[in-house]
Amino acid sequence: MKFRTLIANYRTTVRYFFPCLIFLFLFVFSVSAQSPALDSEEQAFLKLINDYRVANGLGTLQASIVLTTGADWMSGDMATKNYFSHTDSLGRDPFVRMRSFGYTYNTWLGENLAAGYSDALTTFNQFKNSPTHNSTMLIPEFKVIGISRVTNLSATYRHYWTTDFGGYVDGVFNDAAATVSTVNAANYTASVAPDSIAATFGTNLANGVYAATTLPLPQSLGGTTVTVNGIQANLLYVSPTQINYLVPSSLGAGTVTVEVKLNGTSVGKGNAAIGNVAPSIFTISADGKGVPAGYATFDNKSFQQLFNADGSSRPIAAGSVQTPNYLVLFGTGFRKRSAMSNVQVTVGGIQAQVDYAGSQNFYAGVDQLNLIVPPTARLSGEVNLVLYVDGLQANTVRVNIGN
């Protein structure tokens with residue numbers, strides 16, 4: 001049995017490369033991800049902590065979509081990589097991690113971790129019987145919570161719990177039994193942006209599997225429609241459990257209502273968090289991790305894929321100052337960046353020159369990032385590529401820098 005707690009109070013030249021990228025449809029139409037939702041034990045924990053807070057004269061907590069997504073990642077990271085710490089495998093403390101998942105508000109933040117038990121009651125009592133964890137659960141300023149438990153029977157503690165707390169009410173589940181959950185289609189964080197590609201998950205959302213084949217995109221596929229704050233969305237793909245669509249461009253930042261209808265009857269409803277930007281990069285594995293979707297080119301005539309047939313990273317040339325090698329990557333959610341100067345990329349920790357970050361003209365909702373491989377990264381091997389847009393971090397991807 002293990003548990004931990006932590007709290008804080010936080011008050012150029014543009015070059016376009018447009019080769020034929022048929023493989024991008026695989027990422028747009030075939031995204032599969034675990035829908036962020038509360039299972040029965042997580043729902044039980046939410047009730048336990050809310051009953052406890054009410055008994056102590058405090059307000060109840062709502063389940064935040066963003067914090068739950070981040071908590072899901074953290075519990076999964078600990079369970080998969082067999083560690084137990086507030087500092088995750090990427091070296092982030094809880095507050096940096098929460099911000100990276102889109103909870104960027106200047107407010108109270110906190111985190112309790114537990115490991116060793118699968119049920120909510122025992123885990124809750126662990127926290128309750130620890131003075132520091134108990135005080136975290138009873139902080140009056142907290143308004144929302146993200147809850148996740150992940151099991152890996154081969155890991156030391158087998159069951160890993162993360163509870164993340166925040167003082168600002170953002171997008172929340174409609175009670176504990178929200179019927180649909182909405183995430184960014186590229187990296188599965190809970191923040192999406194206008195004109196970006198979103199994925200909504202639920203059950204019985206469609207009578208079959210349908211993909212858009214024409215432009216402009218349809219607003220109905222097989223009788224399934226999606227509205228975001230009452231605005232009809234253009235659809236890319238629908239299935240009984242997942243819908244991919246464009247977030248309407250007219251929406252502003254804030255919490256919105258997503259509703260799915262099938263033949264005019266409402267079959268799913270939930271909330272989503274909209275930001276001005278929600279930067280993300282599509283990956284070959286279609287899970288937001290590993291090798292990015294894109295290619296390298298010296299001259300916009302010859303193109304080198306970034307991955308091998310087995311999906312592993314392929315070494316690309318570092319280029320030189322005189323003959324730069326360009327990386328062209330594809331994502332969503334960053335076309336509305338405030339300025340090019342607010343787009344930064346590091347490759348293996350080395351600052352890269354960004355030449356373009358905006359819409360990709362051939363595929364609806366797809367954005368394009370052009371950057372120069374830093375020559376000083378030569379022979380670095382497989383390294384992290386990290387994109388920041390207007391201060392928000394996209395999912396970290398991996399590229400292989402050769403000679």
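Which one, Val291, Gln322, Val260, projects farthest toward the positive side of the charge dipole computed for the stretch 247-332 from Cβ point charges (K/R +1, D/E -1)?
Going by the charge dipole, the pick is Val260.
Using a Förster distance of 41 angstrom, determine the FRET efficiency expected from the C-beta separation of Phe362 and Lys81, and round it to 0.05.
Working from the Cβ atoms, E equals 0.60.
Rounded to the nearest 20 Debye, what is the dipole magnitude of the chain about its Cα centre when Lys and Arg each give +1 and Asp and Glu each give -1 at the C-beta?
Working: 24 positive and 23 negative charges, 78 e Å.
I would put it at about 380 debye.
Let me check the size of the stretch 273-323 from its C-alpha atoms; what are the radius of gyration and Dmax in Å?
14.2, 44
Describe numerically, in nm with one decimal, the distance between label points set 7 Å from Cα along Cα→Cβ at Val169 and at Leu58.
A separation of 1.7 nm, rounded to one decimal place.
Ile316's amide H: which non-local residues (gap 5+, or another chain) put their own amide H closer than 5 Å, with H modeled 1.01 Å from N in plane and none for Pro or chain starts?
Amide H neighbours of Ile316: Asn400, Ile401, Gly402.
On full extension of the chain, what length is gained from Met340 through Thr265, given 0.36 nm per residue of separation minus the C-alpha to C-alpha distance? Don't jump to the answer; show the numbers that get you there.
Working: separation 75, 0.36 × 75 = 27.00 nm, distance 4.35 nm.
In short, 22.7 nm is gained.
At a 10 angstrom cut-off on C-beta neighbours, averaged per residue, how do the peptides 127-136, 56-65, 162-171 rank from highest to lowest? Kindly include the intermediate steps, with their values, before the conclusion.
On the way: 127-136: 15.7, 56-65: 19.0, 162-171: 24.3.
Ranking, from highest mean packing down: 162-171, 56-65, 127-136.
For every helix of n ≥ 4 consecutive DSSP H residues, a contribution of -39,500 (n - 2.57) applies; sum these over the chain, divide by its total residues, and give [θ] at 222 nm rounded to the nearest 500 deg cm²/dmol.
Here the helix-only value at 222 nm equals -4500 deg cm²/dmol.
Give the calculated FRET efficiency between Ser40 and Lys128 to the nearest 0.05, with a Förster radius of 25 Å applied to their Cβ-Cβ distance.
Given R0 = 25 Å and the Cβ-Cβ separation, E is 0.80.
Using the Cα centre of the stretch 168-324 as the reference point, and only Cβ charges (+1 on K/R, -1 on D/E), how large is the resulting charge dipole? Debye, rounded to the nearest 20.
160 debye
Work out the charge dipole of the chain with +1 on the Cβ of Lys and Arg and -1 on the Cβ of Asp and Glu about the Cα centre, then indicate which of Val180, Gln353, Leu138 is farthest towards its positive end.
Gln353
Report the charge-dipole magnitude of the stretch 88-190 in Debye, nearest 20, computed about the Cα centre from +1 at each Lys and Arg Cβ and -1 at each Asp and Glu Cβ. Present the calculation step by step, with values, prior to reporting the outcome.
On the way: 7 positive and 8 negative charges, 31 e Å.
Using only the charged Cβ atoms, the result is roughly 140 debye.
Give the Kirkwood hydrodynamic radius (Å, one decimal) of the stretch 304-393, defined as one over the mean of 1/r across all pairs of different Cα atoms.
Hydrodynamic radius (Kirkwood, Cα only) of the stretch 304-393 equals 13.9 Å.
Which entry is the computed Cα Rg over 2.2 N^0.38 Å for this structure: [x] 1.07; [y] 1.00; [z] 0.88?
[y]
Can you find, among Phe84, Tyr157, Asn403, the residue sitting farthest towards the positive end of the charge dipole of the chain, where Lys and Arg contribute +1 and Asp and Glu -1 at Cβ?
Sorting the options by dipole projection puts first Asn403.
Under 21 Å Cα to Cα from Lys47, which lysines show up? Leave out anything in the same chain fewer than 8 places away.
Candidates past the 8-residue exclusion: Lys128, Lys143.
Give the long-range amide H neighbours of Gln219: residues separated by 5 or more places, or on another chain, with amide H under 5 Å away, using H modelled in the peptide plane at 1.01 Å from N.
Leu235
Taking the stretch 301-403, which trypsin sites (Lys or Arg not before Pro) meet the DSSP loop condition and have no more than 10 other C-beta atoms within 10 Å?
Lys301
At 7 Å along the Cα-to-beta-carbon direction for both Lys301 and Gln353, put a label point, then send me their distance in nm to one decimal.
Those two pseudo-labels are separated by 2.1 nm.
Which percent of the accessible area of the chain is formed by carbon and sulfur heavy atoms (probe 1.4 angstrom)?
Carbon with sulfur: 51 percent of the solvent-accessible area.
The values are calculated or read from the model by the stated rules, or taken from the named source; none is laboratory data. All figures in this text were calculated on a predicted structure; none of them were measured in a lab. Note that we place each Cβ from the backbone using ideal geometry, even for glycine, and neighbour counts take in every protein chain shown. These accessible areas exclude ligands, DNA and RNA; they are computed on the full protein's heavy atoms, side chains included. Shrake-Rupley method; radii C 1.70, N 1.55, O 1.52, S 1.80 Å.
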